[in-house]
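These notes are about the structure you will find just below.
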């Protein structure tokens with residue numbers, strides 16, 4: 001069990017490496033030895049009711065693509081859902097959505113009718129920064 005993340009378990013012996021990441025009832029199992037992976041999955045299937053979904057494609061709303069250079073993660077659908085919800089689906093993209101050292105003030109515009117909706121949006125944007133680190137600064141300012 002990892003000391004950094006209690007939901008990450010690692011097994012390493014000689015040339016075999018196996019990692020298991022657990023979130024509630026979802027597992028990611030990765031390793032460098034296909035035989036060990038198969039044996040471990042078979043063992044888990046005997047101990048628990050488990051369904052092997054094959055290669056990782058989605059995890060916690062994050063889409064995963066595997067290519068020759070490694071794994072790539074995106075939250076395209078999640079991003080489109082956010083844009084749709086706030087009415088920005090047709091908005092023009094920007095390389096950097098806010099100027100550095102931009103200070104927000106109450107004079108910049110009207111207050112929100114429902115602050116809960118704003119907080120919810122900020123929470124969704126914080127989750128989006130997992131795969132879009134360029135947004136961290138602007139989300140920090142907005143939060």
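Just so you know, all these numbers are worked out from the coordinates, no wet-lab data involved. The structure displayed is predicted, hence computed values, not measured ones. Neighbour counts are summed over all protein chains in view; Cβ atoms, including those assigned to glycine, are modelled from backbone coordinates with ideal geometry.
Decide, for segment 1-54, between rounded, prolate and oblate: order the square roots of the alpha carbon gyration tensor eigenvalues as a ≥ b ≥ c, take rounded if a/c falls under 1.5, and otherwise choose prolate if a/b is larger than b/c, else oblate. Intermediate values should be presented prior to the final figure.
Details: a/c = 1.99, a/b = 1.06, b/c = 1.88.
Cα axes put segment 1-54 in the oblate bin.
Obtain the nm distance between the two label points defined at residue 44 and residue 100 by a simple spin-label model: each point lies 7 Å from its Cα along the Cα-to-C-beta direction.
4.3 nm
Rounded, prolate or oblate, given the Cα gyration tensor of the chain, with a/c below 1.5 counting as rounded? The partial results should precede the final answer.
Numbers: a/c = 2.61, a/b = 2.49, b/c = 1.04.
Prolate shape, in that a/c is at least 1.5 and a/b is the bigger ratio.
D for segment 71-143, whole µm²/s, Stokes-Einstein with Kirkwood Rh over alpha-carbon pairs at 37 °C and 0.692 mPa s: what number? Spell out each step's value before the answer.
Values: Rh = 13.6 Å.
After rounding, the answer is 241 µm²/s.
Pairs of alpha-carbon atoms within less than 8 angstrom and 6+ residues apart define the contacts here; what relative contact order does the chain have, in percent? Please report the intermediate quantities before stating the final value.
Values: 105 pairs, mean separation 15.1, N = 143.
11 percent.
Once you place label points 7 Å from the Cα toward the Cβ at residue 89 and residue 57, how far apart are they in nm?
2.4 nm
If you fit an axis through the alpha-carbon atoms of helix 115-128 and take the longest principal axis of the Cα set of the chain, what angle between them do you get, 0 to 90°, nearest 10?
40 degrees
Just grab the label-to-label distance for residue 65 and residue 130, each label 7 Å out from Cα along the Cβ direction, in nm (one decimal).
With each label point 7 Å from Cα toward Cβ, the separation is 1.8 nm.
Mind pulling the angle between the C-alpha long axis of helix 34-47 and the longest principal axis of the chain? Nearest 10 degrees, somewhere in 0 to 90.
90 degrees
How much length would be gained if the chain were fully extended between residue 79 and residue 19, taking 0.36 nm per residue of separation minus their Cα-Cα distance, in nm to one decimal?
Details: separation 60, 0.36 × 60 = 21.60 nm, distance 2.89 nm.
Net length gain for the segment: 18.7 nm.
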